[in-house]
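Heads up, the thing below is written out as structure tokens.
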Amino acid sequence: MQRTDYAGLITENYIGQEVIINGWVHRRRDLGGLIFLDVRDREGLVQVVIEPESSCFNDANLIKHEYVVSVTGNVRQRPNPNKDMKTGQVEITASSIKILNTAIPTPILIDDETTSETNRLTHRIIDLRSHKMQHNLKLRYKLALEVRKFLDTLGFIDIETPFLTRSTPEGARDFLVPSRANKGYFYALPQSPQLFKQLLMVAGFDRYYQIVKCFRDEDLRADRQPEFTQIDIETSFLSEAEIMNMAEDMVKQAFKNILDVTLPKFPIITYTEAMHKYGSDKPDLRIPLEFIDLTTQLKNSSFKVFNTAANMPNGRIVALKLPANVSLSRKEIDEYTKFVGIYGARGLAYLKVNDVTQINENGLQSPIVKFLTEDELKTIISVTSAVNGETLLFGADSIKVVNEAMGALRLKLGHERGLATKDWKPLWVVDFPMFEYDEDAKRYVACHHPFTSPKEEHMDMLNTNPGQCLARAYDMVINGWEAGGGSIRIYKQDIQSKVFDALGISKEEAQNKFGFLLDNLQYGAPPHGGIAFGLDRLATLMCNAESIRDVIAFPKTTTGQCLLTNAPNIVDNKQLAEVGVQILKNV
């Protein structure tokens, strides 16, 4: 039963030869005397012809969709080539067919794009037979292989770290695992190998990597799963620029070798610039729209909405300028107004420029024109450089609301209105804030994690003005997705103590949560840093898929369920008693 080659690789090179293929019957057609089978395996399809005089004709009459077969036959030129198939120039005339297994009718059709995701995930094994899923998972494998080859040439060592570790609640919620042998105690599944990879640097393994599962109990979305795969990299004695250059080269090599895509040099922008221009720290640069800030110019506006926002301590006014070929009806503007409302915006002001020479209601179309003075309208036209046919959309509120609402609107408009280009737009975002203030907790929290090093020139502000400290952190963004992120770590005890003080973490709490790291940092920790990539996200981008669920063999739904296995499930009281866990009702 040893095959000559995969069915999808039987090309013109095999013409005139006898071959054996094994696979599934993707399609069967009976044309009154001739039977055609499309036999499928992971590499694709090939057409098999069974002629009436063939000794296997009766066997072919028994075959149905998804039967597993082994076909022996001769390869010949196909009379009517199919240019859409890799094997479309040839066909196999069968001399022998073995039915290796039968199949009942499948609950979903393979390669049917109308099948709902719920049905696809419920019947995932059948869905995995589809061309899309076979392609996606093979690409994912090639990506992991490229990463391993690249890092191996630079002397990185793959070292495993534990899945059962201790809970260190400084980030997303942990998944907890009760210990049977130590009742009342719990392991936590790691959100990342962060602490262990730093310890490996202290141990002298100066170039570590791992393609590893990570676990976070958080709300899910298209680019997030409760368990995900991370390309985890840590190295000693390199600066952030050197780590970024290495990571950029790795991603470029993967894109070139897998997609034959040459990525451009990655531009570097600061976090402040990203938020100012795009309202997002992971901007999609395929969309040419940028925020035009009008906060200063409209501080004394006669329009109350603008005046209030411009004079808030944390207020902001921005405009998005749509080109003349993008025309919005009033109904469409109302729909976009509802959309920004999801992000807390209380409205969406607009201004259509019909005749820029008439700075009044004759040349400008909008309900807000009557509330603005001629000077204010001139200022808006001047600052935005608006011309006839263009439309301005305004966001005016707190910085947080404006950035989130108008940033989301920028993405929606860019993709819905055909403004986004089709090329690849990677970039680096740097100079992130070290801390953000949590109003509920009334303290600062780490924007990245509490082991990220502040910039050298900001060390003195850790105690005096932590809100102004910038981190030695960096994110790689590709087409609006955060593909990877990392930082230079704190490796000196005194600096770590200052950061904990800024975070309101006492020495006792720090020792309790992170003692095993802090203790070992005292034994000659080298300067070190790293970066971690979402393997699932990179694969999703490279496959042009809509969700990371399309590059994971057995993903969870947005509610964290596996529809294939019906996990999570209820366990019996005996199992619960063994680990000392009791389920409380109505909690």
* Asked: Where the only charges are on Cβ atoms (+1 Lys, Arg; -1 Asp, Glu), what is the dipole of the chain about its Cα centre, to the nearest 20 debye?
  -> 760 debye
* Structure fact -> GluC sites (Glu not before Pro) in segment 1-93 lying in a DSSP loop, each with at most 13 other Cβ atoms within 10 Å of its Cβ, come to E53
* Structure fact -> At R0 = 45 Å the Cβ-Cβ FRET efficiency linking K138 and K378, nearest 0.05, sits at 0.15
* Asked: Near K98, which lysines are there with a Cα under 27 Å away, not counting those fewer than 8 places off in the same chain?
  -> K64, K86
* Report the percentage of all Cα-Cα pairs in segment 257-385 whose separation exceeds 18 Å, rounded to a whole percent. => 63 percent
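With n ≥ 4 as the cut-off for DSSP H runs, can you work out [θ] at 222 nm for the chain, using -39500 (n - 2.57) per run divided by the number of residues, rounded to the nearest 500?
Values: 16 runs with 167 residues, N = 587.
Rounded to the nearest 500, the figure is -8500 deg cm²/dmol.
Between Q493 and L584, how high is the FRET efficiency from 1/(1 + (r/R0)^6) when r is the Cβ-Cβ distance and R₀ = 35 Å? Nearest 0.05.
The formula returns an efficiency of 0.25 here.
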* Asked: Counting only heavy atoms of protein chains, what accessible area per residue, in Å², does segment 489-587 have with a probe of 1.4 Å?
  -> 54 Å²
* Structure fact -> Extend 7 Å from the Cα of L576 along its Cα-to-C-beta direction; within segment 180-216, residues with backbone N under 18 Å of that point are 180, 183-186
* Structure fact -> Taking a ≥ b ≥ c as the square roots of the Cα gyration tensor eigenvalues, with a/c under 1.5 meaning rounded and otherwise prolate when a/b beats b/c or oblate if not, segment 64-171 comes out prolate
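Once you have the Cα-Cα distance between L62 and L109, take 0.36 nm times their residue separation minus that, and quote the gain in nm to one decimal. Kindly include the intermediate steps, with their values, before the conclusion.
Numbers: separation 47, 0.36 × 47 = 16.92 nm, distance 2.03 nm.
Gain in length upon complete extension: 14.9 nm.
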* Alpha carbons only, please: Rg and Dmax for the chain, in angstrom. => 29.7, 91
* To do: Give the residues of segment 556-587 whose amide nitrogen is closer than 16 Å to a point set 7 Å from the Cα of R180 in the direction of its Cβ.
  => 571-582
* Asked: What lysines sit close enough to K507 to cross-link, taking a C-alpha to C-alpha distance under 20 Å and skipping anything fewer than 8 places away on the same chain?
  -> K442, K492, K498
* Asked: Cross-link partners among lysines for K256, C-alpha distance below 18 Å, same-chain residues fewer than 8 apart left out?
  -> K138, K142, K149, K265, K422, K425
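Where Lys and Arg each count +1 and Asp and Glu each count -1, what net charge lies around V25 among other residues with Cβ under 13 Å from its Cβ? Numbers along the way, then the final one.
Values: positive: R27, R28, R29, R40, K64, K98, R129; negative: D30, D38, D41, D59, E66.
In short, +2.
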* Structure fact -> Treating only Lys and Arg (+1) and Asp and Glu (-1) as charged, each at its beta carbon, one finds that segment 459-505 has a dipole about its Cα centre, in Debye to the nearest 20, of 120 debye
* To do: Set Lys and Arg Cβ to +1 and Asp and Glu Cβ to -1, take the dipole of the chain about its Cα centre, and tell me which of N307, G529, F237 lies farthest positive.
  => N307
* To do: Could you list which residues have their amide H under 5 Å from that of R173, counting only those 5 or more apart in sequence or on another chain, with H placed in the peptide plane?
  => D217
* **segment 108-167-segment 48-76 distance, computed between alpha-carbon centres (Å)** => 33 Å
* **Long-range amide H partners of D5 with built H, under 5 Å** => I20
* To do: Could you please state, rounded to a whole Å, how far the C-alpha centre of segment 414-439 is from the C-alpha centre of segment 1-31?
  => 47 Å
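Which order do peptides 19-29, 555-565 fall in by mean Cβ count within 10 Å, highest first?
Numbers: 19-29: 18.6, 555-565: 15.1.
Ranking, from highest mean packing down: 19-29, 555-565.
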* Structure fact -> Log10 I(q)/I(0) at q = 0.13, 0.21, 0.29 Å⁻¹ for segment 103-164, from Debye over equal alpha-carbon scatterers, is -0.57, -0.83, -1.17
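Between T153 and H131, what's the calculated FRET efficiency when r is the beta-carbon distance and R0 is 41 Å? Round to 0.05.
Details: r = 33 Å, r/R0 = 0.81.
Working from the Cβ atoms, E equals 0.80.
For segment 1-88, what does the alpha-carbon gyration tensor say about shape, rounded, prolate or oblate, given a ≥ b ≥ c as the root eigenvalues, a/c under 1.5 as rounded, and a/b over b/c as prolate?
rounded
Once fully extended, how much extra length lies between D423 and E12, figured as 0.36 nm per residue of separation less the alpha-carbon to alpha-carbon distance?
Values: separation 411, 0.36 × 411 = 147.96 nm, distance 3.39 nm.
Working it through step by step, the gained length comes to 144.6 nm.
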* Mind giving me the nanometre distance, one decimal, between the label points for N360 and K98, set 7 Å out from Cα along Cα→Cβ? => 9.1 nm
* To do: Search the structure for amide H atoms under 5 Å from the amide H of F451, placed 1.01 Å from N in the peptide plane, and list their residues when 5 or more places away or on another chain.
  => none
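With a 1.4 Å probe and all protein chains left in place, how much accessible area per residue does segment 1-112 have, in Å²? Each step should come with its number before you reach the end.
Values: 5920 Å² over 112 residues.
Spelled out: the 1.4 Å probe surface of segment 1-112, per residue, equals 53 Å².
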* **Whole-Å distance, taken between Cα centres, linking segment 354-401 and segment 252-328** => 18 Å
* Just going by the charge dipole of segment 126-281, with Lys and Arg at +1 and Asp and Glu at -1 on Cβ, which of M246, F156, P267 is farthest out on the positive end? -> F156
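Provide the percentage of antiparallel DSSP beta bridges, counting only those with both residues in segment 422-550; round to the nearest 5.
Details: 23 of 23 bridges.
Beta bridges within segment 422-550, antiparallel portion: roughly 100 percent.
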* To do: Take the solvent-accessible surface of the protein heavy atoms, probe 1.4 Å, and return the percent of it on the chain that carbon and sulfur atoms account for.
  => 50 percent
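Classify segment 458-587 from the C-alpha gyration tensor, please: rounded if a/c falls under 1.5, else prolate or oblate depending on whether a/b exceeds b/c. Mind dumping the intermediate values first?
Values: a/c = 2.54, a/b = 1.32, b/c = 1.93.
Judged from the Cα gyration tensor, segment 458-587 comes out oblate (a/c at least 1.5, b/c at or above a/b).
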* Asked: Are there any helices in the chain, counted as whole DSSP H runs, that stretch 18 Å or more along their axis by Cα and score at least 0.0 on average by Kyte-Doolittle, and if so which?
  -> 399-416
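The values are calculated or read from the model by the stated rules, or taken from the named source; none is laboratory data. Just so it is clear, the structure is predicted and the values come from calculations on it, not from any experiment. Note: ideal-geometry Cβ built from the backbone for every residue, glycine included; neighbour counts use all protein chains shown. The accessibility values were calculated without ligands, DNA or RNA, using every heavy atom of the protein model including side chains. Shrake-Rupley method; radii C 1.70, N 1.55, O 1.52, S 1.80 Å.
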